[in-house]
Amino acid sequence: MSVNHGTLYGVGVGPGDPELVTVKAYRLMQTAPVIAYPNKRMGGKSYALEIVERYVNPSEKTMLGLVFPMTKDEDVLLRHWEDTVEKVWAYLRQGQDVVFVTEGDPMLYSTFIHMSRLMRQEHPEAEVVSIPGVSSVNAAASRLGVPLADGDEVVAIVPANRDLTRMRQALLTHDCVVFLKVAKVMDDMILLLGELQLIDNAMVCTKVTSAGEHVWKNVRELQGASLNYLTLMVVRK
């Protein structure tokens, strides 16, 4: 006797503007009985959930909030992730599809990447499908009017950190660099851009395309500033 399991869909719901949700993402959110979403520990709605609630009535769905701990303790992370995967599998094994919504694109620095990897490892019989979405990288390029790459140009997407040697190398070897999560190292980046005479080639976006969006075309203004976690920088030579 065959068993029909549900499908786990990783669905990108875009960078913030609800109108950037794809038609396929909309259809799956409408038809799937279970919506899984990142849930904030300290209250308040997750970014992805705010977008989803524009398109579905939570009272008509099973809304599965999943908390992802901000810790580097490997044992804590493993236990938590195993528990999270089992929560989702509980619905899949009953034949219910689960839409796991994520900001941007599910295959670009997303929690869905780890979720899908562990689900396939723990439950290889599960079907896992990724539905692409508009990433903050693409959204920022359009918002700023800056092409990411043209012709033979090379573009890099780099998680910003305090390894300035690596950040410098990225800038020196690419025509365009998008630095993600740059808020925590903004002062260091401003100094580095000044050294490389690229400071006038940089622009910054926070929560791009959302109602809380902010754009800076003069990054010198951001020296010492306190910025939102969802901040990126585009540097084009």
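Overview of values
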| quantity | calculated |
| --- | --- |
| Every residue from the stretch 90-119 that is within 15 Å of Pro33 (Cβ to Cβ), open to solvent by less than 40 Å² (accessible area, probe 1.4 Å) and either of a type in the set (S, T, N, Q) or assigned to a helix (DSSP H, G or I) (or both) | Ala90, Leu92 |
| Verdict on Pro58 being farther than 19 Å from Thr7 by Cα, surrounded by fewer than 16 Cβ atoms within 10 Å (Cβ to Cβ) and either modelled with pLDDT of 95 or more or touching a strand residue (DSSP E or B) at 6+ places or on another chain (Cβ under 9 Å) (or both) | yes |
| Among the candidates Arg117, Arg143, Arg93, residue that is touching a strand residue (DSSP E or B) at 6+ places or on another chain (Cβ under 8 Å) and charged (D, E, K, R) | Arg143 |
| Residue in the stretch 138-152 that is assigned by the TED database to the domain that holds Thr62, of a type in the set (Ser, Thr, Tyr) and either touching a helix residue (DSSP H, G or I) at 6+ places or on another chain (Cβ under 7 Å) or farther than 22 Å from Glu195 by Cβ (or both) present | no |
| Residue count, the stretch 125-142 (criterion: β-branched (Val, Ile, Thr) and assigned to a strand (DSSP E or B)) | 3 |
| Qualifying residue in the stretch 3-12 (condition: among the hydroxyl-bearing types (Ser, Thr, Tyr), over 27 Å from Thr209 (Cα atoms) and in a strand (DSSP E or B)) | yes |
| Criterion: among the β-branched types (Val, Ile, Thr), at pLDDT below 95 and either open to solvent by less than 30 Å² (accessible area, probe 1.4 Å) or farther than 18 Å from Glu103 by Cβ (or both) - qualifying residue of Ile51, Ile35 | Ile51 |
| Flag for Met70 being under 16 Å from the mean Cα position of the chain (by Cα), assigned to a loop (DSSP other than H, G, I, E, B), at pLDDT below 95 and of a type in the set (A, V, I, L, M, F, W, C) | yes |
| Lone qualifier among Thr206, Thr231 - being of a type in the set (Ser, Thr, Tyr), modelled with pLDDT of 95 or more and in contact with a Gly (Cβ under 8 Å, 6 or more places away or on another chain) | Thr206 |
| Extreme residue, least open to solvent (accessible area, probe 1.4 Å), among residues of the stretch 143-201 that are part of a helix (DSSP H, G or I) and of a type in the set (Asp, Glu) | Asp188 |
| Residue count for the stretch 213-227, restricted to those that are surrounded by 12 or more Cβ atoms within 10 Å (Cβ to Cβ) and not basic (Lys, Arg) | 8 |
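The values are calculated or read from the model by the stated rules, or taken from the named source; none is laboratory data. Computed from a prediction, not measured in an experiment: that's the story for all the values here. A quick note on method: Cβ atoms are made from the backbone with ideal geometry, for glycine too, and the neighbour counts reach across all protein chains shown. Each accessible area value is taken on the protein alone, full model and side chains, heavy atoms only, with ligands, DNA and RNA left out. Shrake-Rupley method; radii C 1.70, N 1.55, O 1.52, S 1.80 Å.
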